[in-house]
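J.: One structure is given below, represented as structure tokens, and several questions about it will come after.
The values are calculated or read from the model by the stated rules, or taken from the named source; none is laboratory data. Here the structure is a predicted model, which means the values were calculated and not measured. Cβ placement follows ideal geometry from the backbone for every residue including glycine, while neighbour counts extend to all protein chains displayed.
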Amino acid sequence: MKIRKGLVLFLILVLAFVLYSLLGRLSPDLVVLINTFSLAVLLSAMIYGEVEGAVMGTVAGLLEDSFSHSVFGLAGMSLTITGFLAGWISHKVDLNSFGKRTAILFFLSLFQLLIWAILYGLIFKKSLLSSRPGLYFQPVMNAIIASLLVGLFHPVKKVTG
């Protein structure tokens, strides 16, 4: 069973990598608008839980950092924290409704972007949020896409207790 879960997580990561590459070839603005690595982390965390979400966040974040040509670890740190929180929240909150699931995923995606932007600003003493307006829409796009994918591929369990 663990091998199957590991294979699924690996395939999600490979799919995120391929989609990131394709979106970058189509238009660099699409890469800013849709963060495929964040989608992979949110999807993994919502399906498998906080540990898998944190591990996927670390791996996906470091892979994203290798594309960004900036400080190695910024995305890794923000996606690790977000992956853990997404997995933890998915076990504590009833996420059967699309609206509630999308709202929680929006706040998690926004939280991830804010952590990343704060760390980026502290290191480089400048903000990317003013030069890349597409980043403002990233949490909305990630939340909608991740919510649809979670609803499609994983029936959300009722939270008890």
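J.: Being of a type outside the set (Phe, Trp, Tyr) and touching a Pro at 6+ places or on another chain (Cβ under 9 Å) is the requirement here; does LEU105 meet it?
T.: Answer is yes for this residue.
J.: Tell me which residues, restricted to segment 18-33, are at pLDDT below 90 and in contact with a helix residue (DSSP H, G or I) (Cβ under 8 Å, 6 or more places away or on another chain).
T.: Matches in segment 18-33: GLY24, ASP29, LEU30, VAL31, VAL32, LEU33.
J.: Output the number of residues of segment 4-25 satisfying the condition of being farther than 20 Å from ALA54 by Cβ and within 13 Å of the chain's Cα centre (by Cα).
T.: 1
J.: May I pose another question? So in segment 28-41, with the set limited to residues that are outside any loop (DSSP other than H, G, I, E, B) and not hydrophobic (A, V, I, L, M, F, W, C), which one is surrounded by the fewest Cβ atoms within 10 Å (Cβ to Cβ)?
T.: So the residue we want is PRO28.
J.: Return a yes/no flag: does segment 90-97 have any residue that is surrounded by 22 or more Cβ atoms within 10 Å (Cβ to Cβ) and part of a loop (DSSP other than H, G, I, E, B).
T.: Yes, that holds for at least one residue.
J.: Return the residues of segment 8-27 that are of a type in the set (Phe, Trp, Tyr) and loosely packed, with under 14 Cβ neighbours inside 10 Å; say none if nothing qualifies.
T.: PHE10, the sole residue that qualifies.
J.: Restricting segment 44-85 to residues that are among the aromatic types (Phe, Trp, Tyr) and out of contact with any Phe, Trp or Tyr (no Cβ under 8 Å at 6 or more places or on another chain), which is nearest to LEU148 (Cα to Cα)?
T.: Keep residues of segment 44-85 that are among the aromatic types (Phe, Trp, Tyr), which gives 48, 67, 72, 84.
Now restrict to residues that are out of contact with any Phe, Trp or Tyr (no Cβ under 8 Å at 6 or more places or on another chain): 48, 72, 84.
On the way: TYR48: 16, PHE72: 31, PHE84: 20 Å.
Checking each candidate, the answer is TYR48.
J.: Would you pick out the residues in segment 66-109 that are at positive phi and modelled with pLDDT of 95 or more?
T.: Residues satisfying the conditions do not exist here.
J.: If I go through segment 42-79 residue by residue, how many of them are hydroxyl-bearing (Ser, Thr, Tyr), in a helix (DSSP H, G or I) and surrounded by fewer than 24 Cβ atoms within 10 Å (Cβ to Cβ)?
T.: Filtering segment 42-79 for residues hydroxyl-bearing (Ser, Thr, Tyr) gives 44, 48, 58, 66, 68, 70, 78.
Restricting the remaining residues to those that are in a helix (DSSP H, G or I) gives 44, 48, 58, 66, 68, 78.
Cutting the leftovers down to surrounded by fewer than 24 Cβ atoms within 10 Å (Cβ to Cβ) gives us 48, 58, 66, 68.
Within segment 42-79, residues that are hydroxyl-bearing (Ser, Thr, Tyr), in a helix (DSSP H, G or I) and surrounded by fewer than 24 Cβ atoms within 10 Å (Cβ to Cβ) number 4.
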